[in-house]
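Let me begin by presenting the structure, written as structure tokens, before commenting on it.
The values are calculated or read from the model by the stated rules, or taken from the named source; none is laboratory data. The model shown is predicted, which means the values in this text are computed figures rather than measured ones. Every residue, glycine among them, receives a Cβ derived from its backbone with ideal geometry; neighbour counts consider all protein chains shown. These area figures cover heavy atoms from the full protein model, side chains too; ligands, DNA and RNA do not enter into them. Shrake-Rupley method; radii C 1.70, N 1.55, O 1.52, S 1.80 Å.
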Amino acid sequence: MLLFDGFKGPDDKHEVTCTWGLGYDSTSDDYKILKIDGKERNEVLALKSGSWRKIDDHPATGNPVLSAMDYLAFRHGALDCVDTPSNMGYLAFVHGAFHWVDSLLNLSVVTFSISDEVYGEIPLPEGLDLVFDIMHTKQGVSVLGGMLCVYSTRIHQREYTFKLWIMNEYGVKESWNQLFTIQSTDLYSITPKYMFSDGEVLLRCSQLRRSGSVFKTSKESSGVRPQSDSECIQDGFVYTESLISPKLLTWY
């Protein structure tokens, strides 16, 4: 789950970025929310306690990478409006830890264990675009089929190149496997959302001169959904159905 707040344009001198992630701590049988603030110390909320607690930041990092490719496209007249913040990165939760890419630590994925609240690092795959130019590149982390994934999108001469890697064995650098590459002059921002049982990946895309989001699968050479400009979808989310009634939960 992702919560995002407070993004302003690259030229705004008072830019404030906060990113949240929600995960389940099996050790304490509790849900925890991690808040990363670009100007304040990071904070953790355990839902059972109902109160925020400040924690130390990772000593070598600043803030999750937030791409400004949307603003570049907007300024060039390729977009009618700026896309939603969901396009700009999030904290992926897998193996009991949050994961993100940081602009100050450009060789590793940053991790934060939800149980012992300890930071760590996982080396990025070779071949990932590691030049952190927020106007021309986008890096992100996601979870597909229960496995950690990283992806990058780079623009060069009006062509967008998207690459996706998956970590077959968690924490082992040598197990990074590049799944596929997509090149396009139309889809300028691609985020992997879901992996089907046959290995096909559902992709959330932003399309030039069109507001909202479109979706395609990795095996489709062309074509997006919805096809009509009148249908506007902002984002899509993967969820697991549950028989637990929300009325039984205690809210703080």
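Worth pointing out:
- Within region 183-198, tally of residues that are open to solvent by less than 80 Å² (accessible area, probe 1.4 Å) and charged (D, E, K, R): 2
- At least 3 residues being open to solvent by less than 50 Å² (accessible area, probe 1.4 Å), more than 27 Å from residue 27 (Cβ to Cβ) and at pLDDT 80 or above is the threshold, and among the strands (runs of 3 or more DSSP E) wholly inside region 49-157 those reaching it are 147-156.
- Identity of the residue in region 158-182, among the aromatic types (Phe, Trp, Tyr) and loosely packed, with under 15 Cβ neighbours inside 10 Å, that ends up nearest to residue 111 (Cα to Cα): 170
- Close pairs (8 angstrom Cβ cut-off, 6 or more residues apart or separate chains): within 30 Å of residue 191 (Cα to Cα) and charged (D, E, K, R) in region 235-252, surrounded by 10 or more Cβ atoms within 10 Å (Cβ to Cβ) and at pLDDT below 70 anywhere: 235/84; 235/86
- Cross-chain or 6+ apart pairs with Cβ under 7 Å, region 20-48 first and open to solvent by 30 Å² or more (accessible area, probe 1.4 Å), then among the polar types (S, T, N, Q) and not in a strand (DSSP E or B): 27/115; 35/42; 38/17; 38/63
- Residue count for region 201-219 satisfying the condition of being more than 29 Å from residue 113 (Cα to Cα) and either aromatic (Phe, Trp, Tyr) or surrounded by 13 or more Cβ atoms within 10 Å (Cβ to Cβ) (or both): 13.
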